[in-house]
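Derivation of every value follows stated rules applied to the coordinates shown; laboratory data play no part. Here the structure is a predicted model, which means the values were calculated and not measured. A quick note on method: Cβ atoms are made from the backbone with ideal geometry, for glycine too, and the neighbour counts reach across all protein chains shown.
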Amino acid sequence: MKRFILSFGFFLLIFNMLRSQEDSIHLDEISVTATRSEKLLSSIPMPVSVLKSNQIQGPGLIRLQNVISEQTGLVVVPQINGLGNGIQMQGLNPDYTLILLDGEPLIGRYTGTLDLSRVSTFNIKKIEIVKGPSSSLYGSDALAGVINIITDQAYTTKLNFSTRYSSRNTLDLNMNGSYVYKKLRLNAYINRFSTNGYDLTPESFGQTVAPFHNYSFGVKAILNPNPKSELRMSYRYFKEYQKNLFQVVSGMDSIRVNGKGSVDDNNLNMAFKYFFNSKLNLSLTNYYTVYSTSTDLAQLYNPEVEFYKDYFSQKFLRPEGILNFRTSKSTKFLVGIGYIHESVESSRYGDLLERIQTSSYGFSQFELENKKWDLAIGSRIDKNSNYSTQWSPKLAVQYKISRRYHVKFSVGKGFKAPDFRQLYMNFRNEAASYSVFGTEVCQQELEALQKSGQLSQLFVSLDKVNQINAESSWAFNLGSNIKIKEGSTFDINIFRNDLSDLIETIIVATTVQQKNIYSYTNLHSVFTQGIEMNFQHKMSNILSFSLGYQYLQAYDKEMLAKIRRAEVFGRDPNTLETYLIKKSDYFGLAGRSKHQLNAKIKYTIPYLKLDAYLRLFYHSKFGINSLNGNVSGITVPNSDLNQNGVLDRYDSFVKDYYLVNLSLSKLWFNQFTTQCGAENLFNYKDPAHIPNLIGRNIFISLQYNFYKS
């Protein structure tokens with residue numbers, strides 16, 4: 001940690017010397033996510049960034065996962081089949097980043113992650129990203145941070161159309177319209193997305209991702225009957241259809257299957273806000289959402305024989321009330337209460353019984369703002385039906401050394417209990433040749449397999465597979481925002497997350513058919529820490545660029561202690577000689593690159609109304625969890641080469657890689673925009689370990705914008 005602090009001090013010194021003599025800083029962007037109330041971005045005492053619509057649509061980023069993958073410190077984590085990709089923030093798993101749509105949570109996490117491709121970017125006004133623990137306001141799903149997607153607020157009467165065609169017969173169609181009439185604002189959008197999928201293993205039957213198409217529809221109504229009140233109603237519907245055709249390889253068996261799959265996502269939100277006066281207002285919301293998936297597979301040449309069937313349904317209801325009041329010009333309070341009723345039905349749990357959990361909560365926050373200080377102190381209490389009452393405090397403070405130079409610090413505690421999946425999962429995926437058992441059922445399932453002679457190797461003692469605890473975390477962020485001169489800014493942030501009883505997916509056994517069996521366990525003491533830097537510079541009205549870098553460490557503290565005690569060994573797979581593992585050999589937790597870099601350049605030719613975007617992304621090598629079997633048509637060798645269960649330098653790693661994206665955008669007659677470009681320009685692929693990298697993607701698009709007012 002000393003080197004992080006020294007690096008921080010060094011950069012502060014350098015940029016303090018580079019500061020210009022300007023007196024003002026124009027950071028007037030408004031954010032609502034970090035404090036759950038409107039606040040100037042420059043006054044928020046925690047790491048927050050805002051992506052505007054032109055930063056999203058300018059380069060041609062059409063799905064949420066495309067946007068996220070281009071941000072410093074955010075990594076899209078792929079699943080086995082390239083679907084259900086989640087967000088890794090500050091080295092923490094996707095479970096710990098809360099995704100909001102207009103302030104309300106998106107549900108339906110596929111194998112613990114949220115499928116980012118469900119969200120189209122066409123009607124997004126901006127995206128707010130809060131890094132660091134936000135459990136004091138949002139609960140246990142926000143240990144790593146919060147990403148809030150804010151859609152069009154219908155301030156003008158307009159009508160927009162867009163269409164984009166890209167490689168693999170991928171078509172994206174959009175229509176977004178708003179209508180303003182006196183005190184009423186209406187907005188509606190529709191999106192259709194279809195693709196032929198892609199195949200990273202042409203030598204195998206079927207595709208890595210099969211063809212699918214989906215629809216998104218949303219409508220929003222905002223009524224201001226008088227200056228003191230506002231009524232909001234919004235509804236969003238998402239429907240996806242999948243066509244599956246592939247070959248299942250399991251041991252000596254090889255079966256070709258086909259069938260259909262579907263995804264449904266419904267969201268309904270009703271909100272009322274009343275301003276008693278300039279110092280006091282009340283917000284009431286009632287949010288209800290239902291997410292469900294269905295998969296039905298049969299043998300290709302014998303369709304009457306059912307091969308695999310899966311059903312999952314999750315319901316989420318949350319009424320909430322928030323009271324904001326000011327006691328003076330520089331101080332204000334926020335108090336909120338809410339209730340969550342959540343239920344899950346799934347064939348993955350071995351039955352279709354409905355499992356329910358409820359939670360009531362309350363939170364409060366005090367804010368102080370003056371010329372030199374910004375302070376936020378908050379806490380939240382959650383009382384859940386499945387676990388004991390939890391308390392999540394937070395402190396965030398910012399000191400304004402000058403109008404151009406701010407230093408901020410935040411610390412907070414978070415909590416996350418095992419979810420339905422980690423407790424009750426009883427899922428056998430014959431399609432991908434693996435099984436997942438929750439801790440409540442794992443022991444009895446393994447004992448049954450062992451009795452029938454189906455187990456080849458057991459990696460965990462049977463009397464320990466049912467032991468799992470809730471997680472807790474302390475985290476802090478220390479950073480600075482510096483405006484070097486007009487158009488040039490530099491941000492730096494040091495972070496550390498100390499987690500106890502971190503829940504991780506592990507392999508507990510393999511069958512005689514070489515199928516992996518996974519369950520969940522606690523890594524008793526884990527930390528992630530690092531440093532993140534962003535530099536933006538506008539050289540002129542035609543050229544601007546930005547640089548972003550993150551250095552990350554992620555370690556199991558107990559493993560470090562064992563290594564120091566000389567208790568960890570490895571075995572050479574060729575000579576079978578045993579050797580001692582040193583601290584310098586230990587790489588840390590799997591799935592995390594130590595170095596992440598991005599560079600972005602925007603070049604504008606004003607008289608042609610042409611914008612060019614060039615973006616470069618680099619990820620250093622990272623380790624992988626132990627794999628031994630067939631994934632996406634590829635037989636993956638065991639990554640734990642020295643068979644010690646530790647990710648060390650003697651094991652197999654995913655090599656470092658870089659990606660280049662290029663796009664051109666041209667405005668015609670102030671209403672038509674054409675775009676063309678290439679993502680992953682140099683066609684980098686790693687089918688076994690990064691199945692969401694589909695190779696080079698060429699696209700062309702057309703957009704029409706009509707504004708009445």
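Fewest Cβ neighbours within 10 Å first, please rank Thr201, Thr511 accordingly.
Thr201, Thr511
To the nearest 20 Debye, how big is the dipole of the chain about its Cα centre, given +1 on the beta carbon of each Lys and Arg and -1 on that of each Asp and Glu?
For the chain, the charge dipole is close to 2980 debye.
Among [x] 27.0; [y] 28.7; [z] 25.9, only one was calculated for this model; which label is it, if the read-out is Kirkwood radius over Cα pairs in Å?
Identified label for the calculated read-out: [x].
Which value in deg cm²/dmol, rounded to the nearest 500, describes the helix-derived mean residue ellipticity at 222 nm for the chain, given -39,500 (n - 2.57) per DSSP H run of n ≥ 4 and division by the residue count?
Theoretical 222 nm ellipticity from helices: -2000 deg cm²/dmol.
In terms of the Cα gyration tensor, with a ≥ b ≥ c the square roots of its eigenvalues, is the range 447-598 rounded because a/c is under 1.5, prolate because a/b exceeds b/c, or oblate?
Verdict is prolate for the range 447-598.
Order by neighbour count: Met89, Met539, fewest other Cβ atoms within 10 Å first, most last.
Taking fewest neighbouring Cβ atoms as first place, the list is Met539, Met89.
Report the net charge of residues surrounding Asn522, where surrounding means a beta-carbon distance below 9 angstrom and charges are Lys +1, Arg +1, Asp -1, Glu -1.
-3
Leu667: net charge of surrounding residues, Cβ under 15 Å, Lys/Arg +1, Asp/Glu -1, itself excluded?
Here the count lands on +2.
Quick one: which of 315-322, 663-670 comes out on top by average Cβ neighbours within 10 Å, and what's the full order, highest first?
315-322, 663-670
I need the trypsin sites (Lys or Arg not before Pro) found in the range 346-398, filtered to DSSP loop residues with at most 12 other beta carbons within 10 Å of theirs.
Counting only loop positions with at most 12 other Cβ atoms within 10 Å, the trypsin sites (Lys or Arg not before Pro) in the range 346-398 are Lys371, Lys372.
When only DSSP loop residues count, what GluC sites (Glu not before Pro) in the range 536-608 have their Cβ near at most 10 other Cβ atoms within 10 Å?
Within the range 536-608, the qualifying GluC sites (Glu not before Pro) (loop, at most 10 other Cβ atoms within 10 Å) are Glu577.
Enumerate by residue number the trypsin sites (Lys or Arg not before Pro) in the range 581-622 meeting two conditions: DSSP loop (anything except H, G, I, E, B), and at most 16 other Cβ atoms within 10 Å of the site's Cβ.
Within the range 581-622, the qualifying trypsin sites (Lys or Arg not before Pro) (loop, at most 16 other Cβ atoms within 10 Å) are Lys582, Lys609, Lys621.
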